[in-house]
Every structure is written in structure tokens, then in C-alpha cells.
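J.: Quick one: this structure, given as C-alpha cells, is what I'll be asking you about.
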Amino acid sequence: QVQLVESGGGVVQAGGSLRLSCAASGRTFSNYAMGWFRQGPGKEREFVARISRSGGTTYYADSVRGRFTISRDNADNTVYLHMNSLKPEDTALYYCAASPLTIGSSSSGDFTSWGQGTQVTVSS
């Protein structure tokens, strides 16, 4: 398993930006596709974005496409989620996760390691 630790969450006004980071350790980071998921208050956990092992393929949920960007630095064992034009409905606990699949998945069941989450709160 790979260990994951998220950081970068906080409180931001609507329209603002945040960058989340997820530091990985324990296994070869480049052997895992990475994803971000979120769980808002009273909601099910949902897929946000994913990136392939090499970083060459990305995919986004419709709700964030055009506003969020996922990236990774395999030399630094870190995956990022750049969030722009934040909306109150983006308020959630954000998790990063690792998948052994080459390009990853939008299904949480395909991810074998999870971080503890970082809270993002967007005020209106």
C-alpha cells in the first residue's frame, strides 16, 4: 500500500482558488494512477478528478471540468488539485486516492489507498 497525506484545504470565498496537495510514501508513486474524491455534508463521496501514472491522461467530473486541474510530480511523489472559481457547492472533505490501474478510474472501488482528507469550505 502507499500512504497518502493531503494538505492545502481551508476556507475561501466564492470565486477564489485553492491548491490541494497529496504526498505519497511507502511504494513507487509512479506505479499508481491517482484520483481526488470529495464528500460534502450529507452527501455520498463523489469522484472529482483522476490522472494516469505518467500524468499524460486526466479526466474530470462534469461539475468541476474547466475549473479544477489535476497534476502530479513523480519526482516529488506528489499529486495536486488546483481549484479555481470555487463555489459554495464545492464545500467538502477532499480525499486523494491511489489506484494500481494504469490510467485510473472514476470508481472509488478501483482505488486501494486513501488519505485522511482535507477540508475545503467555500463561503458565499
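The values are calculated or read from the model by the stated rules, or taken from the named source; none is laboratory data. Everything numeric here is computed off the predicted structure, so don't read it as measured data. Here the Cβ is made from the backbone with ideal geometry for all residues, glycine too, and neighbour counts use every protein chain on show. For accessibility, only protein heavy atoms count, side chains too; no ligands or nucleic acids. Shrake-Rupley method; radii C 1.70, N 1.55, O 1.52, S 1.80 Å.
J.: Based only on Cα atoms, what Rg/Rh ratio does region 22-62 have, Rh being taken as Kirkwood's radius? Could the numbers behind the result be given before it?
T.: On the way: Rg = 12.3 Å, Rh = 11.6 Å.
Ratio of gyration radius to Kirkwood radius: 1.06.
J.: Per-residue HN-Hα couplings for region 32-44, Karplus 6.51 cos²θ - 1.76 cosθ + 1.60 at θ = phi - 60°, whole Hz, x for Gly and Pro?
T.: 10, 6, 10, x, 10, 10, 8, 9, x, x, x, 10, 6
J.: With every protein chain present, what is the per residue accessible area of the chain (1.4 Å probe, Å²)?
T.: Per-residue accessible area for the chain comes out at 48 Å².
J.: To the nearest 20 debye, what charge dipole does the chain have about its Cα centre, counting +1 at the Cβ of each Lys and Arg and -1 at the Cβ of each Asp and Glu?
T.: Values: 11 positive and 9 negative charges, 21 e Å.
The dipole magnitude comes to about 100 debye.
J.: Can I ask one more? Would you kindly state how much longer the chain becomes between Ser63 and Ser106 on full extension, computed as 0.36 nm times their sequence separation minus their alpha carbon distance, in nm to one decimal? Could you put the intermediate results ahead of the total?
T.: Numbers: separation 43, 0.36 × 43 = 15.48 nm, distance 1.35 nm.
Result for the pair: 14.1 nm of gain on full extension.
J.: Using a 1.4 Å probe over the heavy atoms of the protein chains, calculate the carbon and sulfur portion of the accessible area of the chain as a whole percent. If you can, show how the numbers build up before the last one.
T.: On the way: 2650 of 5930 Å².
Using a 1.4 Å probe with all protein chains present, the chain comes out at 45 percent carbon and sulfur.
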